[in-house]
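A short write-up of the structure that comes next.
Bear in mind that the values in this text are calculations on the coordinates, not laboratory data. Note that the coordinates shown come from a computational prediction; the quantities given were computed from them, not determined experimentally. Because the Cβ atoms are built from the backbone with ideal geometry, glycine has one as well, and the counts that use them run over all protein chains shown.
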Amino acid sequence: MKNKFHQYYRPTPEEFESIWNEGCFVFDANVLLNLYTYSEETTEEILTFFDSLNGRVWLPYQAAEEYHRNRCKIISNESIRYSQPAKTLRTVLDELGARAKHPFIAAELFERFRGIVEEMERALSSGKTSHRRLIQEDQIRDRLTELFDGAVGEPFSTDILETIYAEGASRYSSKIPPGYCDDDKPEPGRYGDLARIIQSFGI
């Protein structure tokens, strides 16, 4: 029975070892785009892990296209996120610095806090500038380009895409995975996950 319902069974230790040592890792666009949302240290650790896979990687054409299409938007959105903490810190500093109103704190403690806020503001400003620079000088994309050299699927023909969209409409109406949770997205983007799975594994 297990061979027909393997998805309900936890792999054995030997199977896990085989998966990690021999399996091919297929990536979704979000895995690549999320690299722009982590700290530099975390991103480097993930990229180093990718490198350790020794060529056992694959990227569906749909995933690669979505990565390139959304890369600049993700970088820009993450750059903007540096601004809000700086505004919050400045608001707190200004409130504590209003000496005529509560709450009151000792002048010495306030000056120490001011120094910390100003240091953090400089760090956030530097981080924002550095992050936006990725649009022109993107070391992450350079690493990914090398990693997936020769390991990206070919685009589907128009006829195959039309078949996928038709099948997707039928599957989604019956809530048959993969991808039916994207049913609220506009067409044909809602069928992106389905197209990636078909290209990677077939269904």
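Order these by the 10 Å Cβ neighbour count, fewest first: 68, 131. Kindly include the intermediate steps, with their values, before the conclusion.
Values: 68 12, 131 19.
With the sparsest Cβ surroundings first, the list reads 68, 131.
Just from the alpha-carbon atoms, what are the Rg and Dmax of the stretch 63-137 in angstroms?
Taking only Cα atoms of the stretch 63-137, I get Rg and Dmax of 17.8, 58 Å.
Could you give each residue of the stretch 22-38 its phi-based ³J(HN,Hα) in whole Hz, using Karplus coefficients 6.51, -1.76, 1.60 with θ = phi - 60°, and x for Gly or Pro?
Going residue by residue, I get 10, x, 9, 9, 9, 10, 8, 4, 4, 4, 6, 5, 5, 4, 8, 10, 9 Hz, with x marking Gly and Pro.
Based on the alpha carbons, how large is the Rg to Rh ratio for the stretch 110-160 when Rh follows Kirkwood? Each step should come with its number before you reach the end.
On the way: Rg = 20.9 Å, Rh = 14.8 Å.
Using only Cα positions, Rg/Rh for the stretch 110-160 is 1.41.
List 156, 16 from most exposed to least, where exposure is judged by having the fewest other Cβ atoms within 10 Å.
16, 156
How large is ³J(HN,Hα), in whole Hz, for each residue of the stretch 72-80 in order, when computed from phi with the Karplus curve 6.51 cos²θ - 1.76 cosθ + 1.60 and θ = phi - 60°, using x for Gly and Pro?
Once θ is set to phi - 60°, the couplings for the stretch 72-80 become 5, 5, 5, 4, 5, 4, 5, 5, 4 Hz.
Amide H neighbours of residue 28 under 5 Å, at least 5 residues apart or on other chains, H built in the peptide plane: list them.
none
Using amide H atoms built 1.01 Å from N in the peptide plane, name the residues 5+ places from residue 57, or on other chains, whose amide H lies under 5 Å from its own.
Residues meeting the criterion, in which the H sits 1.01 Å from N, are 25.
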